[in-house]
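Structure record follows, encoded as structure tokens.
The values are calculated or read from the model by the stated rules, or taken from the named source; none is laboratory data. Computed from a predicted structure; not experimentally measured. Note that each Cβ is placed from the backbone with ideal geometry, even for glycine, and that neighbours are counted across all protein chains shown. These area figures cover heavy atoms from the full protein model, side chains too; ligands, DNA and RNA do not enter into them. Shrake-Rupley method; radii C 1.70, N 1.55, O 1.52, S 1.80 Å.
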Amino acid sequence: MAPSSLLLLLFALLAGPGAFPVSADASPDSALSRRPQRTSASLDSASPDSTLSQEFKVAALKAELLELRAKVKAQVAMLKAQGSEMQGLLGQPLEEAAAQRRLQSASYVSVVSWEETVENYHMAMDSLWLLLCGALVMLMHAGFSMLEAGCCRVKNTSNVLMKNLVNVCMGTLGWYFFGWAIAYGGPYDSQGLLIDDAFIGSKEFLSDGFVKETSDGMQPSMKMLSWFFQWAFCTAGATIVSGGVAERVKSPSYAVFAFVMAGFIYPCIAAWCWGGGWLSKDIVMGDFHTHTGITDFAGSGVVHVTGGIAALAGTVVLGPRKGRFERPEEFEAHSLPLVVLGTFILWFGWFGFNPGSTLTMHSKEMGAIAAQVAVNTTLSAAAGGITVFSIRYALLRKYDVGGLCNGILVGLVSITAGCATMESGSAICVGLIGSFIYQAASMLLVKLKIDDPVDAVPVHGAGGMWGVIAAVLFDWGEGFDSFHGKNLLKCTPKFDDSTKCSNVGGALVAQIIMLVVIILWSGTLSSITFLLMRFTGLLRIDEETEELGMDLKMHSPAKAYIMSPQQNPEPPTVPVLDRTSLFV
């Protein structure tokens with residue numbers, strides 16, 4: 001009920017029945033239903049009581065209007081107070097804030113700004129992906145260290161661990177001073193190939209040009225990201241050699257080799273295969289064309305064959321450890337827990353090694369490829385491990401944990417080249433076949449009396465060679481006339497006719513050429529480096545040190561494992577029982 005109606009009712013109750021007189025001849029119903037006529041005559045002849053009623057109504061309406069006006073004023077005051085609070089929070093007048101919001105909304109729908117925003121997100125995702133995967137590859141050095149330390153004798157454990165640390169440090173310096181520039185320094189043409197068919201890269205030594213000064217301040221280049229990721233691969237390749245020459249090479253001499261390996265030997269191969277060099281495009285031999293470059297997605301050839309062949313050169317030049325083939329039982333792995341731990345760390349790090357080789361992660365296609373790579377990597381490792389484990393059991397009639405570990409590793413090495421371009425069933429076949437190749441190579445080294453303490457040559461050398469060939473044989477292109485290779489999801493077009501696909505035959509020839517080049521380059525330069533140090537007497541430790549152990553002769557503390565008497569209490573003395581006793 002309106003306030004005016006309430007006031008009228010209250011007035012009627014207070015005034016009583018006489019306040020509104022009714023004629024005697026009129027019935028109550030007619031009196032109640034009568035309404036004043038809105039004519040000038042009726043107004044002029046209105047009674048004093050009727051005039052009073054009209055004035056009361058006008059006063060009531062005015063009171064209601066005043067009440068509404070007061071409410072409106074209160075609402076305006078509240079809105080002003082809220083506006084002042086908002087202005088204080090924003091630090092600017094409301095009109096300016098509203099205008100800024102309108103401009104911001106308009107900028108989001110502009111094409112240029114939207115493309116810049118998307119590009120920034122893509123770069124951020126790629127950076128996060130490569131930094132994470134590079135860190136996982138770096139973690140593989142811990143796996144190499146544990147595996148090598150466990151495979152060697154306890155008296156050389158500290159030296160093995162030190163050698164792996166030195167390898168990373170010297171390899172990093174070699175990559176910084178020379179390695180990156182040779183492998184990826186360029187200059188490049190519009191297709192990403194080295195200009196004028198250059199032999200190697202010739203720019204960006206010592207990371208020159210990675211940071212530039214602009215009007216907005218210092219601007220780091222995105223090449224820092226590639227430098228970090230490729231550095232992890234380079235030092236991993238150099239570490240492979242460490243296992244092959246363990247327990248008899250002088251540490252300073254190996255440090256020199258690690259610098260040469262990371263600064264020149266590996267970078268040249270990386271430049272030819274991954275850095276836009278001559279192996280990454282159509283290889284021409286007379287009238288024959290491969291129509292495609294080499295296929296090595298994550299490095300079965302570039303990393304593992306390079307490291308495995310260098311390890312073979314090192315162990316041949318050094319010669320076997322003293323007594324290795326006369327007393328083989330003395331050279332068994334001293335710590336299987338370290339071997340197993342190292343294997344698991346390497347397997348874990350391989351998920352940065354292989355999936356990270358997509359190099360990007362800003363599209364659903366690359367996400368699917370990375371997942372496919374991870375699945376294939378896992379399946380090949382599992383197949384390789386079980387196969388070698390079964391072979392060793394068939395030969396020895398005993399469980400061989402070390403063989404199981406090396407089987408897993410050879411499965412990982414074998415799948416690395418083609419992990420992005422084959423189906424999952426093919427990945428199992430690759431790991432299975434790779435395990436037989438590993439076992440044959442391991443037995444061949446023993447027969448030739450080539451001493452490889454960790455089987456680096458059979459795992460990385462032989463396994464890597466098989467992986468390079470398997471990448472073509474198991475490529476998921478349809479038939480032999482459609483080869484995908486480094487084009488991943490689509491067939492790789494021929495260099496001279498982009499409407500046609502490359503075939504498996506030409507791709508296989510390219511892979512064989514790559515293997516021959518890697519074997520000759522890595523084997524020759526590694527042999528020269530080791531021979532120079534051997535002829536100068538700087539390569540191998542003396543017989544006394546080899547007999548006592550490098551830890552005792554060269555390290556402080558002299559033992560990698562220091563056990564206190566409390567940790568290794570003497571066994572309790574067993575009492576001698578009287579055999580004449582009735583209770584015996």
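Within the range 524-536, one or more residues are open to solvent by 50 Å² or more (accessible area, probe 1.4 Å), over 33 Å from the mean Cα position of the chain (by Cα), of a type in the set (S, T, N, Q) and at pLDDT below 95. One residue alone among 264, 229, 205, 259 is open to solvent by 10 Å² or more (accessible area, probe 1.4 Å), in contact (Cβ under 8 Å) with a residue 12 or more places away in the chain, hydrophobic (A, V, I, L, M, F, W, C) and touching a Leu at 6+ places or on another chain (Cβ under 7 Å), and that residue is 259. Within the range 206-227, the only residue that satisfies the criterion of being in a helix (DSSP H, G or I) and of a type in the set (D, E, K, R) is 223.
Only residues that are outside any helix (DSSP H, G or I) and of a type in the set (Phe, Trp, Tyr) were counted in the range 243-289, giving 2.
Taken across the range 391-399, residues that are touching a residue at least 12 places away in the same chain (Cβ under 8 Å) and within 21 Å of the chain's Cα centre (by Cα) do not occur at all. Between 270, 298, the distinction of being at pLDDT 95 or above, buried (at least 24 other Cβ atoms within 10 Å of the Cβ), under 13 Å from residue 175 (Cβ atoms) and among the small types (Gly, Ala, Ser) belongs to 270 only.
Scanning the range 137-159 turns up no residue that is among the aromatic types (Phe, Trp, Tyr) and surrounded by fewer than 15 Cβ atoms within 10 Å (Cβ to Cβ).
Among the criteria (1) open to solvent by 10 Å² or more (accessible area, probe 1.4 Å); (2) within 24 Å of residue 231 (Cα to Cα), the one residue 386 does not fulfil is (2).
Only a single item in (1) in a loop (DSSP other than H, G, I, E, B); (2) small (Gly, Ala, Ser); (3) open to solvent by less than 40 Å² (accessible area, probe 1.4 Å) is not met by residue 183, and it is number (1).
Restricting attention to the range 470-503 and to residues that are part of a helix (DSSP H, G or I) and under 26 Å from the mean Cα position of the chain (by Cα), the residue that is surrounded by the most Cβ atoms within 10 Å (Cβ to Cβ) turns out to be 471.
Filtering the range 504-555 to residues that are touching a Ser or Thr at 6+ places or on another chain (Cβ under 6 Å) and in a loop (DSSP other than H, G, I, E, B) leaves 538, 539, 555. When every residue of the range 364-371 is checked against the conditions, none turns out to be assigned to a helix (DSSP H, G or I), in contact (Cβ under 8 Å) with a residue 24 or more places away in the chain and closer than 27 Å to residue 335 by Cβ. Can we say residue 399 is part of a loop (DSSP other than H, G, I, E, B), among the aromatic types (Phe, Trp, Tyr) and surrounded by fewer than 16 Cβ atoms within 10 Å (Cβ to Cβ)? Yes: the conditions hold for residue 399.
Taken together, 105, 40 contain a single residue that is of a type in the set (Gly, Ala, Ser), over 60 Å from the mean Cα position of the chain (by Cα) and modelled with pLDDT under 80, which is 40.
Evaluated against (1) modelled with pLDDT of 95 or more; (2) touching a Ser or Thr at 6+ places or on another chain (Cβ under 7 Å); (3) not polar (S, T, N, Q), residue 241 falls short on exactly one condition, (2).
In the set 135, 149, only one residue is closer than 18 Å to residue 299 by Cα, in contact (Cβ under 8 Å) with a residue 60 or more places away in the chain and out of contact with any Gly (no Cβ under 6 Å at 6 or more places or on another chain); that residue is 135.
Quick check: anything in the range 352-363 open to solvent by 40 Å² or more (accessible area, probe 1.4 Å), part of a helix (DSSP H, G or I) and modelled with pLDDT under 95? No; the residues of the range 352-363 include none that is open to solvent by 40 Å² or more (accessible area, probe 1.4 Å), part of a helix (DSSP H, G or I) and modelled with pLDDT under 95.
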